[in-house]
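Any read-out appearing in this document is the output of simple, stated calculations on the displayed coordinates, not a laboratory observation. Because the structure is a prediction, the values reported are computed rather than measured. Note that we place each Cβ from the backbone using ideal geometry, even for glycine, and neighbour counts take in every protein chain shown.
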Amino acid sequence: MIRAERLTKRYGDRTVVRDLSFTVRPGTVTGFLGPNGAGKSTTLRMILGLDAPTHGSATVDGRSYAAHPAPLTRVGALLDARSFHPGRTAFHHLMALAHTHGIPRSRVEHVLGVAGLSDVAGRRVKGFSLGMGQRLGIAAALLGDPAAVVLDEPVNGLDPEGVLWIRTLLTSLAAEGRTVLVSSHLMSEMALTADRLVVIGRGRLLADTTVADLVRDAGAASVLVVSPEADRLRALLPAPARTSPEGPDTLRVTGVDAPGIGRTAAAHGIELHALTPETASLEQAFMDLTRDSVEYQADRRPEPQGAAA
């Protein structure tokens, strides 16, 4: 179990993480989300003992990371996929780590196989692609057969097969009863992989919930309605219906579910050609939740007429 209790980190007069508390439990994949600059990397570094909190604490199974006598067997981590000596082979990189904990060669060979790197184990890592570097970093995280795994953006640089591999790996680690904490900007992957979500913005906790509950609470579900009398239906829908045109004879309706729209149409003899409920996406729910916590926002105003191409 990973627990953050009132974590705060300041650099001079800048507070990066503010009074942050959450728990990551065994047997689940917990997604750690937030916009750029939210404090995710700093929080992960405090969990792994790389940065000291200004206030509060971060523990793994009741101890700080550094207090574990064999930390690689308690927490396996990937924070930087390029943190290896470029002149070493993949095999020797892992063997160097294994020697620090008395981990046998057979375990090194096993994680190379898990990561799909057995055939390139003798190659120097300076020639590895970003995706191969990610696989090597994940192999290192698994080296000590740890009870908890912490991964920061593990799918960066991976091809579709690699993304599927990560997805399957994370769910299998959780199914074995391990604690899995993964940071990612890919909402589509988090929707498919995560059991729970911890969302932060500007260093503060915004949500600690399940994917389904976050999407539901966002209230962004809608119904796509196609009718030759769309304008008339729009005027008849009861509050709190909100409508927006989506094309000829087509409306997007929020605030009223599909059965409610259908009853209104039937009561007034309005012909319907389509009535399609559309569940809100995790991406939209995340954007809504973090709208006020984005560090940098692009100017979405239209370009002035006559501006240079």
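Structure above, values below:
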{"read-out": "Chain lengthening between LEU164 and SER106 when straightened (0.36 nm per residue, less Cα-Cα)", "value": "18.3 nm"}
{"read-out": "Inter-label distance for ASN156 and LEU192, nm, one decimal - labels placed 7 Å from Cα along Cα-to-Cβ", "value": "2.1 nm"}
{"read-out": "CD proxy at 222 nm, helix term only [per DSSP H run n ≥ 4: -39500 (n - 2.57); per residue of the chain; nearest 500]", "value": "-9000 deg cm²/dmol"}
{"read-out": "Selected from GLY39, GLY137, GLY49 as most flexible by GNM, with the chain as the system and alpha-carbon contacts under 10 Å", "value": "GLY49"}
{"read-out": "Coil-residue GluC sites (Glu not before Pro) of the range 137-189, DSSP, other Cβ within 10 Å capped at 13", "value": "GLU176"}
{"read-out": "Extension gain, ARG204 back to GLN284 (0.36 nm per residue minus Cα-Cα distance, nm)", "value": "26.8 nm"}
{"read-out": "Efficiency of FRET between ARG10 and ARG291 - r from beta-carbon atoms, R0 35 angstrom, step 0.05", "value": "0.90"}
{"read-out": "Choice from THR209, THR73, THR250 with maximal GNM fluctuation in the chain (Cα, 10 Å cutoff)", "value": "THR250"}
{"read-out": "For the range 85-113 and the range 120-139, distance of Cα centres in Å", "value": "12 Å"}
{"read-out": "Cβ-placed point charges (K, R +1; D, E -1), dipole of the chain about Cα centre in debye, nearest 20", "value": "1200 debye"}
{"read-out": "Rounded if a/c under 1.5, otherwise prolate or oblate - the range 184-263, Cα gyration tensor axes", "value": "prolate"}
{"read-out": "Relative contact order (%) - criterion: Cα under 8 Å, at least six apart; region: the range 15-71", "value": "25 percent"}
{"read-out": "Relative contact order (%) - the range 1-125, alpha-carbon pairs under 8 angstrom, separation at least six", "value": "21 percent"}
{"read-out": "Rg over Rh [alpha-carbon atoms, Kirkwood Rh] for the range 222-278", "value": "0.89"}
{"read-out": "Paired Rg and Dmax values of the chain, which use every Cα atom, in angstrom", "value": "24.3, 77"}
{"read-out": "Percent breakdown of C-alpha pair distances by 5 Å bin, ordered from the shortest bin, for the range 35-157", "value": "2, 11, 20, 22, 19, 13, 8, 3, 1, 0"}
